[in-house]
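What follows is one structure encoded as structure tokens, with my remarks underneath.
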Amino acid sequence: MDAPAIDVSALTDVATLSTPRLRLEPLGIVHLDHVWDSLFDEETLRLTGTRQSFTREAVARHLESLAGRDDRADWALIDLETEGYVGEIVLNELNDDDASINFRVMLAAGRPGHGYGTEATRAVLDYAFDQIGVHRVELDVYSFNPRAQRSYEKAGFRHEGRQRDTLFWDGEWVDSILMAVLSTDERPVAP
């Protein structure tokens with residue numbers, strides 16, 4: 001059996017997606033101020049294990065580089081009611097030989113806990129399986145983030161394992177929880 005064919009046009013020309021409360025639009029330079037602000041939120045940095053410092057110019061270059069990439073898809077999450085920035089969601093690290101891709105999501109300060117991450121994740125998983133054609137979407141999440149783990153489970157991810165002591169944060173070792181969802185898994189229905 002051959003691995004499914006990946007439709008890279010779904011990566012090079014990222015579609016705008018909609019959910020009941022969100023618009024997922026291709027992430028780009030127009031989102032620079034919001035992305036830049038998120039890099040200074042201590043809780044966001046902790047949950048993502050980010051220690052690196054960034055320059056505004058480097059962040060701008062990164063955002064400008066996203067359009068037309070054939071190995072990833074990045075979206076900004078926009079609240080339909082307020083037009084406010086909610087965060088970003090990303091499919092990256094495409095492995096077309098194995099039809100798999102990595103997943104990550106980052107919600108802006110004050111946005112976690114309202115179901116936005118789960119809602120956006122379901123939309124992106126549909127896109128990954130139905131448009132890009134991957135078989136597997138995977139992630140790892142730090143063990144000190146059970147809220148994200150529950151959100152991923154609600155969207156269909158399953159626990160696959162645990163990597164011990166992958167992050168040293170605030171004087172303590174933290175484990176990574178490995179999770180994935182397959183195209184053949186039953187997809188949860190949104191409430």
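For this structure, a couple of remarks:
- Positive contributions from Lys and Arg (+1) and negative ones from Asp and Glu (-1), summed over other residues with Cβ under 11 Å from the Cβ of S65, come out at +1.
- Radius ratio Rg over Rh of the chain, counting only Cα atoms, Kirkwood formula for Rh: 0.94
- For the chain, the fraction of 1.4 Å probe accessible surface lying on carbon and sulfur atoms is 47 percent.
- Our note on the geometry: Cα centres of region 126-191 and region 55-87, 21 Å apart.
- In the context of the full set of protein chains, region 60-155 has a per residue accessible area of 42 Å² (1.4 Å probe).
- Ranked by the mean number of other Cβ atoms within 10 Å per residue, highest first, peptides 137-146, 65-74 order as 137-146, 65-74.
- Residue-averaged [θ]222 nm for the chain, counting only DSSP H segments that reach four residues, each worth -39500 (n - 2.57): -7000 deg cm²/dmol
- Over region 137-187, relative contact order from alpha-carbon pairs under 8 Å, at least 6 apart, %: 46 percent
- Where both bridge residues fall in the chain, DSSP classifies roughly 90% of the beta bridges as antiparallel.
- When +1 charges are put on Lys and Arg Cβ atoms and -1 charges on Asp and Glu Cβ atoms, the dipole computed for region 99-191 relative to its Cα centre reaches about 200 debye.
The values are calculated or read from the model by the stated rules, or taken from the named source; none is laboratory data. Computed from a predicted structure; not experimentally measured. All Cβ positions, even for glycine, are placed from backbone atoms using ideal geometry, and neighbour counts span all protein chains on display. Ligands, DNA and RNA are excluded from the accessible area calculation, which covers all protein heavy atoms including side chains. Shrake-Rupley method; radii C 1.70, N 1.55, O 1.52, S 1.80 Å.
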